[in-house]
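The values are calculated or read from the model by the stated rules, or taken from the named source; none is laboratory data. Since we're looking at a predicted model, the values are computed, not measured. Ideal geometry is used to build each Cβ from the backbone, glycine not excepted, and the neighbour counts take in all protein chains shown. Surface areas here come from the heavy atoms of the whole protein model, side chains and all, with no ligands, DNA or RNA. Shrake-Rupley method; radii C 1.70, N 1.55, O 1.52, S 1.80 Å.
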Amino acid sequence: MLTAFRNIKEEKMTLIRFRASPEQDVDLSRTYDAVVVGSGAAGGMAAHVLTSQGMKVLLLEAGKKIPIEQELRSMQWPYDHPRRGDAPPGYHAIRFNEYNIRKPPYAKGSAFKHVFSYVGGWGGSDYVKNILVDEKDNPYTGTKYAWVRARLLGGKTNIWGRLALRLSDYDFKGKTHDGYGEDWPISYADLEPYYDKVDLYLGISGHKENLPHLPDSLFQRPNKLTAPEVKLRKSLATMGRTLTPYRAGVTTDGVKNKYRSKCFGRGACGRRPGGCDIHAAFDSPTGLIYPAMDTGNLTLRTNSTAHEVLVDPNTGKARGVSFVDSQNHRTYEAKAKVVILAASTLESARLLLLSKSRQHPNCIGNSSGHVGHNFCEHVMGPGVTGLVKEMVGAPPTLDDGKPGGFYVPRFRNLQDKQPGFVRGYGFEGSSGFGLFPDSAWGTPGFGGQFKKSVREHAGAFISMGAFGEVLARYENYVDIDPEVKDAWGIPALRFHYEFSDNEKKMCEDMANAGKEMFEAAGIEVVGVDKNILTEGWSIHELGTARMGNDPKTSVLNQFQQSHDVKNLFVVDGSSHVSASCQNPTWTIMALAWRSCEHLADEFKRGNL
């Protein structure tokens, strides 16, 4: 199916080719070279690299393939939707207070027909009701946790926030720098070539800053900063800090991919929970999976929920994956010479923990006892909102037609030592005019004067919120609930996880530092948020099968290969040794590219 979009600015026709249906007849009697579980950023990258190396790959996705362009409808005006974007009656998104007051499973006993994570409560819930999992079918237990899941081809890459950042040796060698935790078994030099490969293949927009703690990418055209953002950038420079345009996993100059278009600022990026239906923003299906299918080496099976890594009883090596068809509830086996887990950090941990056998009684790949442990992510909540008085009454500009606003990289615990906590945090922020100014909700009055005030102030506000590193600790872990099961009879994941004093002290500093930076820039502070959002809110879960050189204290080696089972790889965020404070998607894909190149080379040598 060929669909055309007109680029109004350049008066050229941009043609994007969409696959009408990627479904194939799947032969489960054959043994594939590799089976990949999960089709998000990691699974898509694994499929791309391995098929380009000539390997025959079976890709299993628990969800279905949906017509994502029809789902997102990002050019639809609110007044053209019967409920202005809201989902129909019977759908409910879990709220902040529910996460904190109730205990999971949060959908248990709910009177609503369908229950979703908090993302379903953002503006435009109708556009994600078929993307997010129904919590009634997918329960979890234990400590409070806001687990956001998307089961469909491409996973959360269909609605991700698009911030694409690199890690540095401040992250990879964190223990060397400050004495906490463990160093990664790799350095920035090991991963830099693969960051470059991801940049060039998928496209990333941004501006070079030459910061040692936030390495630059091979950027395409950046998005312009608004006047308030330029004001803050200039002020921060006098403090030795940096504000840089949002580093977005979005192609602004175009890439060689018939399934994608370059961004042309349609003005819809901030109106939905996420997603890009012209595929300028990276998503796994158009960026990785469809091109991999064009090689003839990739077979895709959707509606396939993996629940066990199968083991050869003679060798103890992985021989494939057992999965449940999510539609007919029947169990099948997929046979392969190599098994690659890329189901997302928590789902891969769950799959490892469920895979017990005579050869691996403590679950596969778990001789260290670290599977499920060292779980980490990002803490968020504190932030600041300000008013730039000289912008009141300014003529409106188009500011919501871009994938993000700005980013303030980490500035704590680099050269100095901050009292109270180790590691650091960065700020994501935005300003300018939007389709609907959020400031209207707090503007007093009504009638003509109310409207006049809202319009005059619409482009004058600027806000930013922090994302901080949660320390990887053995006592933060997940395991399998002995009683609760999901809709397919698969035992549920159980959380044992909470923020430590380090994160709480860090959050205090986030709020204070944000206020300090706005005041130094001459921006009137109109709001400071000091509340910490529920564990899991960042959607950046990491750890649970960390890499390392010592098989006694780690699950995987530097190539994300199991220490115990040489033909088992875990290439998603599970392998991360620490969380850093940078968004992880670009690092996940760079690591997966590096590991799968190594995998393919070892496969050809007959070493797996």
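Computed values, structure above
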item	result
Condition broken by PHE495, with the remaining ones in (1) over 24 Å from GLY179 (Cβ atoms); (2) out of contact with any Gly (no Cβ under 7 Å at 6 or more places or on another chain); (3) not acidic (Asp, Glu) satisfied	(2)
Options PHE518, PHE559: the member that is at pLDDT 95 or above and in a helix (DSSP H, G or I)	PHE518
Residue list for the stretch 349-384, restricted to those being of a type in the set (Val, Ile, Thr) and in contact with a strand residue (DSSP E or B) (Cβ under 6 Å, 6 or more places away or on another chain)	ILE364, VAL379, VAL384
Which numbered condition GLY270 fails, given (1) of a type in the set (Gly, Ala, Ser); (2) under 28 Å from PHE518 (Cα atoms); (3) modelled with pLDDT of 95 or more; (4) in a loop (DSSP other than H, G, I, E, B)	(3)
Checking LEU50 against (1) modelled with pLDDT of 85 or more; (2) assigned to a loop (DSSP other than H, G, I, E, B); (3) buried (at least 17 other Cβ atoms within 10 Å of the Cβ), the condition it does not meet	(2)
Residue check for SER322: surrounded by fewer than 24 Cβ atoms within 10 Å (Cβ to Cβ) and in contact with a Lys or Arg (Cβ under 7 Å, 6 or more places away or on another chain)	no
Enumeration of residues in the stretch 107-129 that are open to solvent by 50 Å² or more (accessible area, probe 1.4 Å) and closer than 20 Å to GLY536 by Cβ	LYS108, GLY121, TRP122
Condition check for THR385: in contact with a helix residue (DSSP H, G or I) (Cβ under 9 Å, 6 or more places away or on another chain), more than 30 Å from LEU568 (Cα to Cα), surrounded by 21 or more Cβ atoms within 10 Å (Cβ to Cβ) and among the polar types (S, T, N, Q)	yes
Some residue of the stretch 449-461 being free of Cβ contacts under 8 Å to residues at least 12 places away in the same chain and either within 21 Å of LYS103 (Cβ to Cβ) or touching a Phe, Trp or Tyr at 6+ places or on another chain (Cβ under 9 Å) (or both)	no
From LYS402, LYS389, LYS356, residue being touching a residue at least 60 places away in the same chain (Cβ under 8 Å) and over 25 Å from the mean Cα position of the chain (by Cα)	LYS389
Within the stretch 130-163, considering residues that are polar (S, T, N, Q) and in a loop (DSSP other than H, G, I, E, B), the one surrounded by the most Cβ atoms within 10 Å (Cβ to Cβ)	ASN138
Close pairs (9 angstrom Cβ cut-off, 6 or more residues apart or separate chains): closer than 17 Å to GLY296 by Cβ and at pLDDT below 95 in the stretch 22-41, assigned to a loop (DSSP other than H, G, I, E, B) and not acidic (Asp, Glu) anywhere	PRO22/LYS65; PRO22/LEU153; PRO22/THR302; GLU23/LYS65; GLU23/THR302
Cβ-Cβ under 6 Å pairs, at least 6 apart or on other chains, the stretch 68-93 side aromatic (Phe, Trp, Tyr), far side surrounded by 14 or more Cβ atoms within 10 Å (Cβ to Cβ)	TYR91/HIS114; TYR91/LYS129
Single residue of the stretch 419-438 satisfying the filter (touching a Ser or Thr at 6+ places or on another chain (Cβ under 9 Å) and not basic (Lys, Arg)) that is farthest from ILE532 (Cα to Cα)	PHE433
Boolean, LEU202 is more than 25 Å from TYR425 (Cβ to Cβ) and crowded, with 16+ Cβ neighbours inside 10 Å	yes
Filtered residues of the stretch 205-223 (kept if without any contact (Cβ under 8 Å) to a residue 60 or more places away in the chain and either out of contact with any Asp or Glu (no Cβ under 9 Å at 6 or more places or on another chain) or open to solvent by 70 Å² or more (accessible area, probe 1.4 Å) (or both))	HIS207, LYS208, ASN210, PRO212, LEU218, ARG221, PRO222
Index of the failed condition, ARG166 passing every other in (1) within 20 Å of ALA62 (Cβ to Cβ); (2) in contact (Cβ under 8 Å) with a residue 40 or more places away in the chain; (3) open to solvent by less than 10 Å² (accessible area, probe 1.4 Å)	(1)
Per-region count, the stretch 94-133, residues free of Cβ contacts under 8 Å to residues at least 24 places away in the same chain and among the aromatic types (Phe, Trp, Tyr)	1
Within the stretch 565-588, tally of residues that are open to solvent by 10 Å² or more (accessible area, probe 1.4 Å) and either assigned to a helix (DSSP H, G or I) or of a type in the set (A, V, I, L, M) (or both)	2
Strands (runs of 3 or more DSSP E) contained entirely in the stretch 394-476, each with at least 1 residues that are under 30 Å from THR553 (Cβ atoms) and open to solvent by less than 10 Å² (accessible area, probe 1.4 Å)	425-431, 461-469
Boolean, ASN223 is closer than 30 Å to ALA292 by Cβ and not acidic (Asp, Glu)	yes
Selection count, the stretch 382-413, where residues are at pLDDT below 90 and either among the small types (Gly, Ala, Ser) or touching an Asp or Glu at 6+ places or on another chain (Cβ under 7 Å) (or both)	1
Residue within the stretch 341-351 that is at pLDDT 95 or above, under 24 Å from VAL555 (Cβ atoms), charged (D, E, K, R) and in a loop (DSSP other than H, G, I, E, B) present	no
Subset of the stretch 69-119 (residues that are assigned to a helix (DSSP H, G or I) and either closer than 12 Å to LYS129 by Cα or touching a His at 6+ places or on another chain (Cβ under 6 Å) (or both))	GLU71, LEU72, TYR118, VAL119
